[in-house]
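Trainee: Got a structure for you, questions after.
The values are calculated or read from the model by the stated rules, or taken from the named source; none is laboratory data. Every value quoted in this text rests on a predicted model; they were computed, and no experiment measured them. Positions of Cβ are backbone-derived with ideal geometry, glycine not excepted, and every protein chain shown enters the neighbour counts.
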Amino acid sequence: MEVNGYKIEPGAYLSGAYLSGANLSGANLSGANLAGAKLAGANLAHAYLADAYLAGANLVFVNLSGANLTVANLREANLSGANLAAANLAAANLEEANLERADLSGAKMFGVILTQAYLPDAYLRDANLTVANLREANLSGANLENANLRGANLEEANLERADLTAANLTYTRFEGAKMPDGTKHD
């Protein structure tokens, strides 16, 4: 497949590529280098992006519903308003990523790294965040209803106004976290 003159294939070198608004639904970009790529508004529903390098990519309002992003590097990516519903983000690196108002409902996030990620008002209902590293993440106002946070690291995280109704918090670490009621956890 070719889009805007770029070959869309596993292992493709697409660093800095302009693919905003492109229809890449179901595309196989496993192991591709998309560092700094402009993908705002693109349709990547059910795309295969396992082990892809998306550091610093512009993924604002991108549709990644049902996409496979296992072990993908999304460090410092802008995923503001992105649709990641039912996406597989197992062991993905989302360190310092912007996930403001992102929909992560039903996402599989086992072992994901979200250190210092920006997630205010994110929709994480039913998300699997088992053993996720959310240290210093901003989750203010996030919907974590029924989320699985078993063994997650939420040390120093901002959970102010977050909804943790029916969330599994077994073995979750909250040291220094700002809790939903605004108090600091000891």
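Trainee: Among the residues of segment 1-24, is there at least one that is surrounded by 20 or more Cβ atoms within 10 Å (Cβ to Cβ) and within 27 Å of Asn138 (Cβ to Cβ)?
Mentor: Within segment 1-24, not a single residue is surrounded by 20 or more Cβ atoms within 10 Å (Cβ to Cβ) and within 27 Å of Asn138 (Cβ to Cβ).
Trainee: Go through (1) within 11 Å of the chain's Cα centre (by Cα); (2) surrounded by fewer than 21 Cβ atoms within 10 Å (Cβ to Cβ); (3) more than 23 Å from Asn143 (Cβ to Cβ) for Asn73 and report which single condition fails.
Mentor: (2)
Trainee: Still on this structure, I have one more. Being surrounded by fewer than 19 Cβ atoms within 10 Å (Cβ to Cβ), in contact with a Pro (Cβ under 9 Å, 6 or more places away or on another chain), in a loop (DSSP other than H, G, I, E, B) and of a type outside the set (Lys, Arg) narrows it down to one residue among Gly151, Gly176, Gly141; which is it?
Mentor: Of the residues listed, the single one that is surrounded by fewer than 19 Cβ atoms within 10 Å (Cβ to Cβ), in contact with a Pro (Cβ under 9 Å, 6 or more places away or on another chain), in a loop (DSSP other than H, G, I, E, B) and of a type outside the set (Lys, Arg) is Gly141.
Trainee: Continuing with the same structure: Can you find a residue that is touching a His at 6+ places or on another chain (Cβ under 6 Å) and either at pLDDT 95 or above or not assigned by TED's automatic domain parsing to the domain that holds Leu44 (or both) anywhere in segment 149-168? First the steps, then the outcome.
Mentor: Residues of segment 149-168 that are touching a His at 6+ places or on another chain (Cβ under 6 Å), as a first pass: none.
Among the residues of segment 149-168, not one is touching a His at 6+ places or on another chain (Cβ under 6 Å) and either at pLDDT 95 or above or not assigned by TED's automatic domain parsing to the domain that holds Leu44 (or both), which makes the answer no.
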